1. For segment 58-113, compute the orientation-averaged projected area of the C-alpha convex hull (one quarter of its surface), in nm².
2. Compute the Cα gyration tensor for segment 99-149, then decide on rounded, prolate or oblate, letting a ≥ b ≥ c be the square roots of its eigenvalues: rounded whenever a/c is under 1.5, prolate when a/b is larger than b/c in the other cases, and oblate in all that remain.
3. Round to a whole angstrom and tell me the spacing of the C-alpha centers of segment 84-117 and segment 192-246.
4. Counting only other residues whose beta carbon sits under 13 Å from that of LEU184, what net charge do I get with K and R as +1, D and E as -1?
5. Only Lys, Arg, Asp and Glu count, each charged at its Cβ (+1, +1, -1, -1), so figure out the dipole size of segment 126-182 about its Cα centre, rounded to 20 debye.
6. At a temperature of 37 °C and a viscosity of 0.692 mPa s, determine how fast segment 21-70 diffuses translationally according to Stokes-Einstein, using the Kirkwood radius over alpha-carbon pairs as Rh; express D in µm²/s, rounded to the nearest whole number.
7. Let me test this: with uniform point scatterers at the alpha carbons of segment 163-227, what is the Debye-based log₁₀ I(q)/I(0) at q = 0.19, 0.27, 0.30 1/Å?
8. Just grab the label-to-label distance for VAL138 and ARG96, each label 7 Å out from Cα along the Cβ direction, in nm (one decimal).
Amino acid sequence: MPDPRPVAIPRSLRRDSIPAHVAVVMDGNGRWAAQRGLARTEGHGAGEKALVDVTYGAIALGVKTLTVYAFSTENWRRPIDEVRYLMNFNRGLLERNRDDLHDQGVRITFSGREDRRIPKRVLRDMRGAEELTLKNKVMTLNIAFNYGGRAEIVDAVRRLVKEKVPESKIDEKAIRRRLYHPELADPDLVIRTSGEYRISNFLLWEIAYSELVFSEVLWPDFRREDLFEAIEEFQRRERRFGGVDQ
Ligand code: IPE
Ligand code: IPE
Ligand code: MG
């Protein structure tokens, strides 16, 4: 599906300071469904529209990387039926949107741990989407799937040990190079929807200096206008990175 809506970017949004990397904790699907007397899984299903709309909005603005939290290492604690639904749903979502994203020049990547609990066909389709879109340059859509910030750091440390890196060579750069996607810049902006004010193990290393914006909107209702609003909030912030303004 090509972009289904004309993009109306508000004039108050400054085009010269668009965050290069936006990361989103897509939260509130269960509550959205409960408000409508639906099963939680219906909320996940309704979240697809939000993801597609926000992705097109991000492309229109010139965002270079959009990372979305789709499944955390802790989400395995959910009822087995919901976990199974999420595995299949994410695979279907890829299948339904991969070609359009490819046409738009979007590179699809995944951040997360490979795990025997992830069905083989899901892993296969993830690899397929990565390969298909490998050379695309317009925007990277990085899907955090079976992702945990602590697991990512543990995996980086395991690699350091496996590669027998001497203690004197271990610095921030050495760790960063062993994260899942060292080529992606750190997020400038993290958005969490649904009025929850926490990080839930998302990108712990990478968000050291990210601006955090919290939205009350439940993820299935979130649209590009809400993204634009979050970016306007980002533009009102003053980033100091530990220094002082001169
Ligand atoms: C976010 O929505 C989606 C995933 C975590 C996969 P939730 O399912 O967490 O929805 P709430 O927070 O229960 O409303
Ligand atoms: C974070 O949301 C994970 C995803 C959005 C995929 P959760 O709903 O799992 O987080 P908690 O449990 O509220 O912290
Ligand atoms: Mg939640």
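1. 4.5
2. Cα axes put segment 99-149 in the oblate bin.
3. Their Cα centres are 24 Å away from one another.
4. Residues close to LEU184 contribute a combined charge of -1.
5. 140
6. 282
7. Calculated log10 I(q)/I(0) at the listed q: -0.82, -1.19, -1.28.
8. Once both label points are built, they end up 2.0 nm from each other.
All of the numbers you see were taken from the coordinates with simple rules; none came from a lab. If you're wondering where the values come from, they're calculated on a predicted model, not measured in any experiment. Counting neighbours? That spans all protein chains shown, and the Cβs are built from the backbone with ideal geometry, glycine included.
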